[in-house]
Amino acid sequence: MSLEPGLSFDQAPPISVPFRFFLSAPLFALLAALLALWYGPALIGSRWQPSALALAHLMSVGFLGFAMVGAMMQMLPVVAGAPVARPVGVARALYLLLLPGVLSLAGGFLFAAQWPMRLGMALLGAGFLIFVVAVGASLKRAPSLNPVVLGMHLAVAALAVTVALGLTLASNYGWEWWLTGRVRLANLHLAWGLLGWVGLLVISVAYQVVPMFQLTPVYPRPLTRWLGMSLFTLLLLWSATLLMQDAAAQERAALTAGVLAAAGFGAFAATTLRLQWQRRRKVTDVTLLFWRFGMACLLLALALLLGAAGQVLPEPARLQVYSFALAFLFIAGFAVSVVNGMLYKIVPFLIWFHLQGQLMGVAKVPNMKEIMPEKGMRRQMRLHFAAVPALLLSAFWPPLIYPAALLFGASMILLEINLLSAFRIYRQSAKLAPQAGSQPT
Ligand code: HEM
């Protein structure tokens with residue numbers, strides 16, 4: 001069946017495949033908010049302290065990773081025409097490895113404990129290996145290499161590099177401290193993770209979903225053709241600068257690659273805002289607002305990054321402050337916002353779609369607005385829009401971390417409630433289906 005132009009839902013996996021990831025993602029973010037409340041202003045002290053590293057992974061591997069793994073398992077058959085083989089078994093294995101993996105990694109950081117760190121490394125290493133192999137194999141079978149499929153290829157390759165670098169860095173914590181050049185390697189790890197895996201996936205998925213869900217014109221062809229590949233190449237070049245002997249030349253080359261990558265992301269954010277401005281129906285729904293907010297945060301993060309790199313911003317001692325401001329803007333402001341906005345489209349659509357298949361001719365299928373009411377989404381969105389500026393300001397004035405974490409935590413609780421309420425509607429309606437309970441679809 002084809003419900004949207006160019007998309008085929010014939011091979012969509014059972015609803016349990018993406019939903020176990022979607023329903024768990026906000027709980028990691030809630031845990032991160034609780035951690036921020038517990039540690040308070042001390043959290044903003046240094047990017048290397050255990051609480052900051054635990055928080056970074058609860059957000060990047062927990063919230064973002066879970067939402068993105070679930071979305072990819074769902075989207076591969078739809079946008080690439082290439083489903084993951086044995087999706088139920090793969091999803092189950094991924095979940096059972098990644099969930100305790102993230103918690104062990106965070107525990108290893110927090111308690112400076114070697115065994116949880118080693119366990120976290122084994123679980124996350126195995127989980128991401130299965131994901132990369134399963135998704136890589138299905139992408140290889142994709143009938144065409146359009147910009148969405150190419151972007152997914154690149155994002156998954158970036159994830160593989162991120163995990164390899166992450167495991168190398170984590171061995172410092174799991175055994176004796178042996179790595180030299182840790183700061184450069186950690187910077188590389190987070191660049192591949194945030195710009196590569198998260199950034200490239202958001203960009204390539206945007207090519208498909210922004211015109212489709214927000215009724216905008218399509219992205220310009222030169223952008224969809226070149227942006228993903230150029231950003232990936234810049235990440236490779238940046239990594240290669242690590243091999244340079246001359247420190248000053250290395251710094252210059254890394255700076256050039258960083259500035260060019262920032263320009264690429266800036267072009268993406270500015271184009272997305274322009275397309276939204278030119279959309280055909282001037283309805284501003286929650287997803288559109290989340291994306292608009294996300295793009296504004298991305299542009300602000302890039303301005304901050306360029307300001308820090310060009311030393312426009314004051315003394316280097318304050319770079320710690322800017323690294324927290326950047327992390328809050330990029331992770332909570334940009335990435336969480338677009339994922340949050342997407343969940344509000346994907347979740348009601350999938351529930352409606354699966355119920356449609358089960359209840360056709362038997363009972364009335366609730367519409368998407370009944371499945372995910374506007375009021376609940378808007379309430380949660382307002383909390384998120386208040387939380388992000390508060391988080392950003394807390395980088396400059398740490399006591400603000402208390403209200404910021406409270407707002408962020410409350411927003412994640414509401415997100416979880418909204419998702420669970422929608423899922424409850426699915427469960428109740430699915431009971432009316434002829435073979436209710438036999439096989440979740
Ligand atoms: C197997 C998975 C992963 C492992 C074992 C891992 C491990 C680590 C380690 C050990 C550090 C600390 C570096 C140090 O203190 O020397 C770190 C930092 C970091 N990682 Fe990961 N990581 C993983 C996945 C990811 C992913 C997928 C992302 C992003 C999407 C990510 C984002 C970050 C960030 C933002 C930092 C903070 C660096 C800083 O303080 O500025 N990590 N990671």
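We did not get these values from a lab; they are worked out from the coordinates using the rules stated. Nothing here was measured: the structure is a model prediction, and the numbers come from that model. Cβ: placed from backbone, ideal geometry, glycine included. Neighbour counts: every protein chain shown.
Couple of notes before you dig in:
- Which of Leu302, Met360, Ile425, positive extreme of dipole for segment 284-429 (C-beta unit charges): Met360
- Convex hull volume per residue, computed on the Cα atoms of segment 109-183, equals 98 Å³.
- Vicinal HN-Hα couplings computed from phi for segment 345-357 (Karplus, 6.51 cos²θ - 1.76 cosθ + 1.60; Hz; Gly/Pro x): 9, 5, 5, x, 5, 5, 5, 4, 5, 5, 5, 4, x
- Packing-based order for 321-331, 227-237, 179-189, using average beta carbon neighbours within 10 Å, highest first: 321-331, 227-237, 179-189
- Cα point-scatterer Debye curve for segment 13-167, base-10 log of I(q)/I(0) at q = 0.11, 0.16, 0.19 Å⁻¹: -0.45, -0.87, -1.13
- The chain - mean residue ellipticity at 222 nm from DSSP helices (-39,500 (n - 2.57) per run, n ≥ 4, rounded to 500): -24000 deg cm²/dmol
- Rg(Cα)/(2.2 N^0.38 Å) for the chain, N = residue count: 0.95
- Over all distinct Cα-Cα pairs of segment 284-429, the Kirkwood formula returns a hydrodynamic radius of 16.8 Å.
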